[in-house]
Amino acid sequence: MTASWTAPMTWSGALVTVAQMNQHIRDNFEFLKDPPTSVVLLTGETNKTTTSTTFVDVDAAGDPDFSLVITTAGGDVWVYFNGIVSNPTNVGFVYFDFTVDGVRHSGVADGLTGAGMATGSANDRLSPGFKVLVTTLAAGAHTFALQWRVAAGTATLYTNTSAVPFGVREG
């Protein structure tokens, strides 16, 4: 992105300069056309697994595939994810959520509504996902990290053969 958002000036009877037109009109249109965005589309990677019954980052330390940073103008941000998971444990629930600047978004025990999936055998593969609007973010850099947990057993997120998107976009 080449431009940042500038609060438009209130136009009065004064002459408008080229610099003002560029800043308040051109640059703001460019910002609206190309807002801050960060996306990872993981495929061909080693599958991710967890046995944690509390929410943890999907990524192992030093492997920031599902940790994204964007610098916002202070607007709303869409966060989205879709994956293929399994957990061969009987009633092997897998729950997903994300953090914004280290704080879990939903704050509830099972994470985001509709992002928890139960499987029951090694061959059961389900596709949890979410698209969530995050509001009231201040302008500045923000880190978004995908998290998950299980009710029991070992969950696998298939990143070796499935394209797994995780993204954030202001707007």
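The values are calculated or read from the model by the stated rules, or taken from the named source; none is laboratory data. The model shown is predicted, which means the values in this text are computed figures rather than measured ones. Glycine also receives a Cβ, built like all others from the backbone with ideal geometry; neighbour counts cover every protein chain displayed.
Matching residues to (1) modelled with pLDDT under 90; (2) under 22 Å from Thr143 (Cα atoms); (3) touching a His at 6+ places or on another chain (Cβ under 6 Å):
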| site | (1), (2), (3) |
| --- | --- |
| Ser4 | yes, yes, no |
| Gly13 | yes, no, no |
| Glu30 | yes, no, no |
| Thr37 | yes, yes, no |
| Gly44 | yes, no, no |
| Phe55 | no, yes, no |
| Pro88 | yes, no, no |
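Quick check on my filter: what residues within region 144-171 are of a type in the set (Val, Ile, Thr) and over 13 Å from the mean Cα position of the chain (by Cα)?
Looking only at region 144-171, we keep the residues that are of a type in the set (Val, Ile, Thr), and these are 150, 154, 156, 159, 161, 164, 168.
Within region 144-171, Val150, Thr154, Thr156, Thr159, Thr161 qualify.
So which residues in region 79-103 are part of a strand (DSSP E or B) and farther than 14 Å from Val40 by Cα, if there are any at all?
Taking region 79-103 first, the residues part of a strand (DSSP E or B) are 79-82, 85-86, 92-100, 103.
Of everything in region 79-103, those that are part of a strand (DSSP E or B) and farther than 14 Å from Val40 by Cα turn out to be Val85, Ser86, Gly92, Phe93, Val94, Tyr95, Phe96, Asp97, Phe98, Thr99, Val100, Val103.
Tell me which residues, restricted to region 104-161, are aromatic (Phe, Trp, Tyr) and either at pLDDT below 90 or part of a loop (DSSP other than H, G, I, E, B) (or both). Outline the logic, then answer.
Start the filter on region 104-161 by keeping residues that are aromatic (Phe, Trp, Tyr), which leaves 130, 144, 148, 158.
Tyr158, the sole residue that qualifies.
Tell me, please, whether a residue that is under 16 Å from Pro128 (Cα atoms) and surrounded by fewer than 16 Cβ atoms within 10 Å (Cβ to Cβ) can be found in region 89-110.
yes
Residue under question is Asp59, and the condition is that it be outside any loop (DSSP other than H, G, I, E, B), at pLDDT 75 or above and of a type in the set (D, E, K, R); does it hold?
On the way: outside any loop (DSSP other than H, G, I, E, B): no; at pLDDT 75 or above: yes; of a type in the set (D, E, K, R): yes.
When the stated conditions are applied, Asp59 does not pass them.
Taking region 59-87 as the search range and keeping residues that are more than 12 Å from the chain's Cα centre (by Cα) and among the β-branched types (Val, Ile, Thr), which one is surrounded by the most Cβ atoms within 10 Å (Cβ to Cβ)?
Going residue by residue through region 59-87, those that are more than 12 Å from the chain's Cα centre (by Cα) are 59-64, 71-76, 83-87.
Of the ones still in play, those that are also among the β-branched types (Val, Ile, Thr) are 71-72, 84-85.
On the way: Thr71: 13, Thr72: 22, Ile84: 19, Val85: 25.
For region 59-87, the residue satisfying everything is Val85.
With the structure loaded, tell me whether Thr50 is closer than 25 Å to Val132 by Cα, modelled with pLDDT under 80, of a type in the set (Val, Ile, Thr) and surrounded by 15 or more Cβ atoms within 10 Å (Cβ to Cβ) or whether it fails that test.
The answer is no for Thr50.
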